[in-house]
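The block underneath contains the structure these notes are about, expressed in structure tokens.
The values are calculated or read from the model by the stated rules, or taken from the named source; none is laboratory data. Keep in mind that what you see is a predicted model, and the values were worked out from it rather than measured. Positions of Cβ are backbone-derived with ideal geometry, glycine not excepted, and every protein chain shown enters the neighbour counts. Side chains included, ligands, DNA and RNA excluded: accessible areas come from the protein's heavy atoms. Shrake-Rupley method; radii C 1.70, N 1.55, O 1.52, S 1.80 Å.
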Amino acid sequence: ADQLPRELLDLIAEARYVAVLSGAGISAESGVPTFREVQTGLWERFSAQDLATVEAYEADPALVWTWYRWRQALIEAVEPNPGHRALAAWQQHLAAGSGRLSISTQNVDDLHERAGSEVLGHLHGAIAAHRCLDCGAEATLPRPEYDGSVPPQNPEEPPTCTACGTGRLRPGVVWFGEMLPMDAFEAAAESVRTADLVLVVGTSGIVQPAASLPLLALERGTPLVEVNPEDTELTEYMDYAVRGGSGQMIPRLLAAAGVLESNG
Ligand code: APR
Ligand code: ZN
């Protein structure tokens, strides 16, 4: 079937207020593993879901801390991919014409920012924003050395907070069951409510409440578009489901819609 129907290209060409919700899949082509694929290498015997919880951190702080430092080092060692860059270019294109493209991401990486995008909010926090369990102070730490030598066999203990001197640091991400940053969540909801096009990229649509954000588009019949190689929990609500990797499909969509000149 035609992956890029004319009506979709017209929607993209005419959109002025675009709301984007991105998930781990948009960073997959940069080499950042998604959450529900099997982990490989050093951490293959752990599943992300088992490590990304308060219980896991309390049971074994060093293991969970080390896993996040490993992911942070990995993220810092990779580059944004053409999917991130196409969204940044589209955002600049719309801003130049007094339109707006808002990106709310479930990702804790900074690849949207490193591609040049303004990000409206990180719904699940940011991997570099470590914070103290006791006083809540945020700590920025030196870049973790990523040479693959951070195996779970000899995990590093979470450092002690230098602000209060007693608390232990934890990753600045939102774990299952924890509250999302409400300002980011409300801003994301408002961006969807006021959009004339909603683009959902690289998310399985499993984790609530982030996964419900695109459904706010149904209130006003705003067109919903998904970019994902596979079906998701949200596919049934989509007006268009573009089946492919975001690194390939977003540039293709924007070029075909005439929003961006196709850069080869
Ligand atoms: N381009 C676009 N999508 C892709 C690509 C790609 N190249 N590769 C994989 N995907 C899709 C997968 O098909 C899947 O639908 O990305 C999605 C990744 O789903 P998850 O791993 O569940 O990631 P996400 O939806 O972001 O998870 C949400 O769950 O684990 C928590 O807090 C964590 O933010 C995360 C949240
Ligand atoms: Zn502290």
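Taking amide H positions as modeled 1.01 Å from N, with prolines and chain starts lacking one, the residues under 5 Å from Val201 and 5 or more places away or on another chain are Leu21, Ser22, Gly23, Val227. When the alpha-carbon atoms of the range 109-264 are used, the pair Rg, Dmax equals 19.2, 56 angstrom.
Given in Å, the Rg to one decimal and the Dmax to the nearest whole number for the Cα atoms of the range 1-89 are 17.9, 53. Taking the Cα atoms only, what angle lies between the long axis of helix 61-77 and the longest principal axis of the chain, rounded to 10 degrees? That helix lies at roughly 40 degrees to the long axis. Measuring between their Cα centroids, the range 167-193 and the range 106-124 lie 13 Å from each other. Met182 exposes around 90 Å² of accessible area when a 1.4 Å probe is run over every protein chain in place. With distances taken between every two different alpha-carbon atoms, the range 17-166 has a Kirkwood hydrodynamic radius of 16.8 Å.
Toward the positive end of the charge dipole of the chain, with +1 on the Cβ of Lys and Arg and -1 on the Cβ of Asp and Glu, the farthest Cα among Thr34, Ser47, Leu253 is that of Leu253.
Seen against the Cα atoms of the chain and their longest principal axis, helix 182-193 is set at about 10 degrees.
Length gained on full extension, Arg45 to Glu178: 45.4 nm, using 0.36 nm per residue less the C-alpha separation.
If eta is 1.567 mPa s and T is 4 °C, what Stokes-Einstein diffusion coefficient results for the chain, Kirkwood Rh from Cα pairs, in µm²/s?
67 µm²/s
Counting only helical runs of four or more DSSP H residues, what would the 222 nm mean residue ellipticity of the chain come to if each run contributes -39,500 (n - 2.57) and the total is spread over all its residues?
-9000 deg cm²/dmol
Looking only at the range 171-203, which residues have a backbone nitrogen under 11 Å from a spot 7 Å from the Cα of Glu138 in the C-beta direction? The answer is 172.
With protein chains left intact and a 1.4 Å probe, residues in the range 159-264 average 46 Å² of accessible area per residue. Amide H contacts of Gly172: Ala129, His130, Arg131, each under 5 Å away and 5 or more positions distant or on a separate chain (H built 1.01 Å from N in the peptide plane; Pro and chain starts excluded).
Carbon-plus-sulfur accessible fraction, the chain (probe radius 1.4 Å, protein heavy atoms only): 51%.
Extension gain for the segment Leu215 to Thr34, taken as residue separation times 0.36 nm less the Cα-Cα distance, is 62.9 nm to one decimal. Rounded to the nearest 20 debye, the dipole size of the chain about its Cα centre is 360 debye, using +1 on the Cβ of Lys and Arg and -1 on the Cβ of Asp and Glu. Here the spin labels are modelled as points 7 Å beyond Cα on the Cα-Cβ line, and at Asp196 and Ala95 they lie 2.0 nm apart. Among His124, His93, His84, the residue with the largest mean-square fluctuation in a Gaussian network model of the chain, with springs joining Cα atoms closer than 10 Å, is His93.
Quick one: grab the alpha carbon gyration tensor of the range 206-249, order the square roots of its eigenvalues as a ≥ b ≥ c, and give me rounded if a/c is under 1.5, else prolate or oblate depending on whether a/b is larger than b/c. Since a/c reaches 1.5 but b/c is at least a/b, the shape of the range 206-249 is classed as oblate. Given Ser117, Ala96, Leu9, which one lies farthest toward the positive end of the charge dipole of the chain, if we put +1 on the Cβ of every Lys and Arg and -1 on the Cβ of every Asp and Glu? Result: Ala96. Heavy atoms of the protein chains alone define the surface here; on that basis the range 50-118 has 35 Å² accessible area per residue at 1.4 Å probe size.
All distinct Cα pairs of the range 162-247 go into the 1/r average, and the inverse of that average, the Kirkwood radius, is 14.7 Å.
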